Ligand SMILES: Cc1ncc(COP(=O)(O)O)c(C=O)c1O
């Protein structure tokens with residue numbers, strides 16, 4: 001068998017992260033993968049998560065199998081924290097998944113099996129794994145415009161393209177802090193999307209991976225909740241990787257909303273059947289942590305406060321980069337960056353610029369211009385700004401070799 005194996009393509013993001021790991025230059029800067037780093041450059045375990053782990057270690061008596069839907073307290077807590085109101089909660093069914101990726105795949109499989117031949121629309125550009133996940137589930141993928149040539153939200157293009165989405169199609173929308181662009185639709189555009197979905201009968205499929213890291217936890221969920229209130233059916237893939245810092249505990253949730261409880265009666269079993277042939281039951285540890293945190297008022301408040309500190313750090317990193325780019329004569333780039341939010345930004349740079357950053361300054365982002373704003377220690381921002389200004393050839397930029405690695 002193995003002699004038949006031809007070299008498969010490596011994952012470009014993990015390959016780039018490995019290239020960074022092998023770079024001997026001490027000034028190297030890793031802005032590739034989407035993890036939060038504190039001012040010291042560490043990705044810490046959140047204090048509320050640590051406290052929940054201590055409680056779990058003290059009280060958990062068994063590691064017996066869970067049911068196919070995972071941890072029921074986790075599922076209940078996720079539905080109520082994401083949806084917020086009894087009206088929406090009463091229309092939802094959820095099962096625990098293997099992180100956000102697992103939720104996306106499970107819901108895509110659910111759509112493909114329920115309605116074979118389903119088309120799903122994704123943004124252009126999209127999160128790098130959206131198309132592979134959706135195609136692997138057998139869905140047909142089409143794209144809608146998202147950014148204009150200037151790197152700003154192309155809301156007219158988005159509504160024009162989604163005007164072609166048909167009844168029963170899925171439209172994948174990121175609920176907040178769009179990866180990779182950092183650009184979210186305005187409130188008016190979300191309203192217009194709800195009008196379109198209602199009129200044309202397509203089903204919004206929301207990917208929530210960064211709520212709490214944009215405008216605030218409740219504010220980041222506003223668009224999802226408003227849309228859910230307007231449409232009869234909605235799918236939501238939720239990740240706990242970023243806002244609980246549970247990256248390697250692989251914790252997430254697939255939520256399906258229907259017009260009534262009766263309409264949902266077969267949903268949980270259908271989702272369970274898909275999970276059964278993939279991994280059977282999801283891992284317990286992260287879900288137990290989240291259920292413990294969300295189930296205790298004081299711990300939940302402590303977690304929200306920590307999340308807010310993370311959010312403020314990301315916001316201030318971006319503001320600092322914007323100010324420094326302006327000061328170095330990169331006003332256009334600064335203005336575009338200032339409109340973005342969340343963990344990622346897409347720099348309005350070409351692939352050659354990004355390669356130049358990597359080659360000359362050991363600054364690693366993707367060739368599409370994506371950088372992880374949450375991955376920079378504050379004292380490295382001047383270096384990043386100088387590197388960007390240098391590859392752009394900005395008049396006020398220091399020349400290569402004159403940068404302060406800080
Ligand atoms: C938009 C988006 N959706 C989903 C995911 C998947 O996250 P998880 O690590 O929970 O699988 C990511 C991860 O980066 C993401 O950026």
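The values are calculated or read from the model by the stated rules, or taken from the named source; none is laboratory data. These numbers were taken from a predicted model, which means no experiment stands behind them. Note that each Cβ is placed from the backbone with ideal geometry, even for glycine, and that neighbours are counted across all protein chains shown.
Hey, can you tell me all the residues within segment 317-336 that are in contact (Cβ under 8 Å) with a residue 40 or more places away in the chain and in a helix (DSSP H, G or I)?
317, 318, 320, 321, 324, 325, 327, 333, 336
Give me the residue from segment 1-47 that is assigned to a helix (DSSP H, G or I) and within 20 Å of residue 369 (Cβ to Cβ) and, out of that set, farthest from the ligand (Cβ to nearest atom). Once the filter is applied, the top-ranked residue is 19.
Matching residues to (1) within 16 Å of the ligand (Cβ to nearest atom); (2) in the same structural domain as residue 346 (by TED's automatic domain parsing); (3) without any contact (Cβ under 8 Å) to a residue 60 or more places away in the chain:
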| position | (1), (2), (3) |
| --- | --- |
| 133 | yes, no, yes |
| 138 | no, no, yes |
| 157 | no, no, yes |
| 172 | yes, no, yes |
| 178 | yes, no, no |
| 183 | yes, no, no |
| 186 | no, no, yes |
| 192 | no, no, yes |
| 198 | no, no, yes |
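When segment 200-213 is filtered for residues that are within 16 Å of the ligand (Cβ to nearest atom) and over 15 Å from residue 241 (Cα atoms), the ones remaining, listed by number, are 204, 205, 206. Suppose the filter is within 16 Å of the ligand (Cβ to nearest atom), at pLDDT 95 or above and under 26 Å from residue 37 (Cα atoms); does residue 237 pass it? Criteria met by residue 237. For segment 349-368, name all the residues that are more than 26 Å from the chain's Cα centre (by Cα) and in contact (Cβ under 8 Å) with a residue 60 or more places away in the chain. Selection gives 361 alone. Listed here are the helices (runs of 4 or more DSSP H) enclosed by segment 48-150 that have at least 1 residues being at positive phi, in contact with a strand residue (DSSP E or B) (Cβ under 8 Å, 6 or more places away or on another chain) and surrounded by 23 or more Cβ atoms within 10 Å (Cβ to Cβ): 99-114.
Can you give me the number of residues within segment 90-102 that are more than 8 Å from the ligand (Cβ to nearest atom) and farther than 13 Å from residue 74 by Cα? Walk me through it before giving the result.
Step one: list which residues in segment 90-102 are more than 8 Å from the ligand (Cβ to nearest atom), which gives 90-97.
Cutting the leftovers down to farther than 13 Å from residue 74 by Cα gives us 90-92.
Adding up the residues that qualify gives 3.
When segment 244-283 is examined, which residues are found to be more than 16 Å from the ligand (Cβ to nearest atom) and within 26 Å of residue 300 (Cβ to Cβ)? Across segment 244-283, the qualifying residues are 256, 257, 268, 281.
I'm trying to understand the selection: among the residues of segment 159-174, which are closer than 27 Å to residue 116 by Cβ and surrounded by 15 or more Cβ atoms within 10 Å (Cβ to Cβ)?
Correct list: 161, 162, 165, 168, 169, 170, 171, 172, 173, 174.
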